[in-house]
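Report on the structure given below.
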Amino acid sequence: MVKALLLQILLVPSRRPVLRLALNQNRLCPPTEHDRALAAFRNVYELQLNTTLTTWDDMQHIIRYMPALRTIEMGYNRIHTLSGGRDAIASRSHLRLEEINLDSNSLSSWPETCEALRPYTALQRLVLTSNAIESIGPLHDPSDPPVHLKHLSLSYNRLRSWRDIDHLSEWCPAIESLTLTGNPLVEGKMPAHIT
């Protein structure tokens, strides 16, 4: 059944240009026909893989067939970490993603998340809403941050200290907008003095 669904998906984009592809709430396997997948997905600029249980490594494998891809949604996939896929990323040339949405997963380590996103040099918008991030420590390795990141959503995480927010200027020097709704630090009483 899954293989049949994948073959049908491979045929649709090659018959007419599909620029947005929503595969939410499906179970997929990565394509096995390399040339056919490249032809079918070459014009896809937005991919939605929400609630598919797709892993970070599988996502990296899938998007290598999508040279025009700019936006990917990977929400509700029970992802605990983004580590483990650096070799897959380093070996491919597709690094044009501008927006990654990882809403409602179980990510808890800010440094590991930033390290995994480092190869995505065009990344400008990152949605980490409803994860399990509790702290953002100081930046120890200047090569770690997503330096071009302009928009960051950390709503509904577990951030409790304004010091964590102070550290964001080190991690995201180009930040223009930040969403923190639902974190303990903004849901409680505001401190009289913020450093």
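Each reported figure results from applying straightforward, stated rules to the coordinates on display, with no laboratory input. Predicted, not measured: the structure shown is a model, and the values here were computed from it. No Cβ is skipped: glycine too gets one built from the backbone with ideal geometry, and neighbour counts run over all protein chains shown.
The table below gives the values:
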| read-out | value |
| --- | --- |
| Theoretical FRET efficiency, 1/(1+(r/R0)^6), r = Cβ-Cβ of Arg42 and Glu134, R0 35 Å, to 0.05 | 0.30 |
| Relative packing of peptides 162-175, 46-59 - highest average C-beta neighbours within 10 Å first | 46-59, 162-175 |
| Dipole moment magnitude, nearest 20 debye, segment 96-154 about Cα centre, only Lys, Arg, Asp, Glu C-beta charged | 220 debye |
| Whether segment 114-194 is rounded, prolate or oblate, judged on the alpha carbon gyration tensor where a/c under 1.5 counts as rounded | prolate |
| Hydrodynamic radius (Kirkwood) for segment 13-75, which is based on Cα pairs only, to one decimal in Å | 11.7 Å |
